[in-house]
Amino acid sequence: MKIALIGGTGSFGLALAVRLREAGYAVVIGSRDAERARAAAADLGVAGATNEDAAREADIVVLTTKADGAVETARSLRDAIGQTPVLSVAAELSFTKEGVFPTSEPTSIAQRIQDVIDGPVIAGLHSLAATNLGGDVAPDEDTLVCGDDADAKAVVLELAGKVTSGRAIDAGPLASARALEGMTAVIVNVNKRYKAHAGLRVTGVH
């Protein structure tokens, strides 16, 4: 299976590329700058291409751009993505003196991406920090995944289960993505308060 990491030259994209490569996936790091993508990819032993070329050749597209550019990036790649499933990992956060909060947007980034492309959108991996994901070993955490398309969700759950040593948990429909994205703010606050690299564990699920 070939996985395109759109905007994959950032810290999260590069960390995810390492985990996916180790899991045996064919990985293509995408960027608006093909040379930048190829340079980053060469360091990791994966492929690099423009975002458009990466999306056209992929079996699944992961949008690893910054949150403020995720929806517009998806819109610009609509034709290249086509019906290919998309995994949205971004979360909008508001940083204040009082702490980190979810933004006041009524819908998730994942839902807004679904509104501008044709293929199914799945949301997940929000609780995984790049520092944890890119460590020497897969992080000992669970990850939550939600979406409306059963087949696309099954693919993402399998992928998610291979980039951590924990479990991939089906967290319901795409509407739940707003809560998953908001949970990122909670984790960031915990990490700031305790100077930690916290993740999630779901108990009572077998």
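In terms of the Cα gyration tensor, with a ≥ b ≥ c the square roots of its eigenvalues, is the range 51-137 rounded because a/c is under 1.5, prolate because a/b exceeds b/c, or oblate?
oblate
Give the calculated FRET efficiency between Gln83 and Thr107 to the nearest 0.05, with a Förster radius of 35 Å applied to their Cβ-Cβ distance.
Efficiency, from the Cβ-Cβ distance: 0.95.
Please report the spacing between the Cα centers of the range 94-108 and the range 1-43 in Å, no decimals.
Their Cα centres are 29 Å away from one another.
Find the accessible area per residue for the chain; the probe is 1.4 Å, ligands and nucleic acids are left out, and the unit is Å².
On a per-residue basis, the chain sits at 47 Å².
Measuring from label point to label point, each 7 Å out along Cα→Cβ, what is the Met1 to Asp136 span in nm?
It works out to 2.9 nm between the two label points.
Taking only the alpha-carbon positions of the chain and ignoring solvent, what does the Debye formula give for the base-10 log of I(q)/I(0) at q = 0.13, 0.17, 0.18 Å⁻¹?
Log10 I(q)/I(0), no solvent term: -0.65, -1.15, -1.30.
Report, to the nearest whole %, how much of the accessible area of the range 148-206 belongs to carbon and sulfur atoms, 1.4 Å probe, protein only.
Numbers: 1960 of 3370 Å².
In the range 148-206, the share of accessible area belonging to carbon and sulfur is 58 percent.
Could I have the simple spin-label model distance between Arg38 and Glu98, label points 7 Å from Cα toward Cβ, reported in nm to one decimal?
Distance between the two pseudo-spin positions: 5.1 nm.
Which trypsin sites (Lys or Arg not before Pro) from the range 43-90 combine a DSSP loop assignment with at most 14 other Cβ atoms within 10 Å?
Passing sites in the range 43-90 are Lys66.
With springs only between Cα atoms under 10 Å, which of Ile169, Ile29, Ile117 fluctuates most in a Gaussian network model of the chain?
Highest fluctuation of the listed residues: Ile169.
List the residues of the range 102-143 whose backbone N lies under 17 Å from a point placed 7 Å from the Cα of Asn191 along the Cα-to-Cβ direction.
Counting only backbone N, you get 102-103, 124-143.
Could you size up the charge dipole of the range 46-205 around its Cα centre, putting +1 on the beta carbon of Lys and Arg and -1 on that of Asp and Glu, and report it in debye to the nearest 20?
680
The values are calculated or read from the model by the stated rules, or taken from the named source; none is laboratory data. Since we're looking at a predicted model, the values are computed, not measured. Note that we place each Cβ from the backbone using ideal geometry, even for glycine, and neighbour counts take in every protein chain shown. Accessible surface areas use protein heavy atoms only, side chains included; no ligands, DNA or RNA. Shrake-Rupley method; radii C 1.70, N 1.55, O 1.52, S 1.80 Å.
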